[in-house]
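Reviewing the structure listed below.
The values are calculated or read from the model by the stated rules, or taken from the named source; none is laboratory data. Just so it is clear, the structure is predicted and the values come from calculations on it, not from any experiment. Positions of Cβ are generated from backbone atoms using ideal geometry, with glycine treated the same way; all protein chains shown enter the neighbour counts. Keep in mind that these areas ignore ligands, DNA and RNA; they rest on the heavy atoms of the full protein, side chains included. Shrake-Rupley method; radii C 1.70, N 1.55, O 1.52, S 1.80 Å.
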Amino acid sequence: MRNLILTLAIIFLGGVIHAQENNGVTVTVVIENVLNDQGNILAALHTEETFMRGGGIADYSTKAKAGELSFQFDNVVPGVYAISVMQDKNENYRMDMEANGMPVEPYGFSGNDMAMGPPVFDNSKFEVEDQDLEIRIRF
């Protein structure tokens, strides 16, 4: 009897611990057109407060590989977010610019807004609710 109670307690606690680990949805990001294998792909999941101010609330990096690339942000809680990605060709962990301020490395944002001027959160935002999402981004 004691073993049965102990076994049931372990199963119950295992379920509670597993449920606590999974408090959000999965946001899958697909970069459709990585042009070459140079450097790294850097990505960040942002709130309005972190957008264009450095790192996001979750960051991702991997070696660049030409073609389509996908990755995930797990356990994203409901809210409004934006994603930024860039190909850091020279691996210096920053966007390199021309003298006139134009970026020289490939980049993209959720919403795929490529208007002139700095990116704006409102043009890149999306809402996370209770279902997994896929966000496609083009450089």
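Summary of values
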item: Test result for ARG94, free of Cβ contacts under 8 Å to residues at least 24 places away in the same chain, within 22 Å of ASN33 (Cα to Cα) and among the basic types (Lys, Arg); result: yes
item: Conditions (1) closer than 26 Å to GLY24 by Cα; (2) part of a strand (DSSP E or B): number failed by GLN87; result: (1)
item: Out of ASP74, ASP130, ASP122, sole residue that is in a loop (DSSP other than H, G, I, E, B) and either at pLDDT below 95 or open to solvent by 90 Å² or more (accessible area, probe 1.4 Å) (or both); result: ASP130
item: Test: residue in the stretch 20-30 that is more than 16 Å from ILE137 (Cβ to Cβ), modelled with pLDDT under 90 and assigned to a helix (DSSP H, G or I); result: yes
item: Single residue of the stretch 87-119 satisfying the filter (farther than 15 Å from HIS46 by Cβ and among the acidic types (Asp, Glu)) that is surrounded by the most Cβ atoms within 10 Å (Cβ to Cβ); result: ASP88
item: Top-ranked residue in the stretch 50-82 [being of a type in the set (A, V, I, L, M) and touching a Gly at 6+ places or on another chain (Cβ under 8 Å); ranked as nearest to LYS125 (Cα to Cα)]; result: ALA82
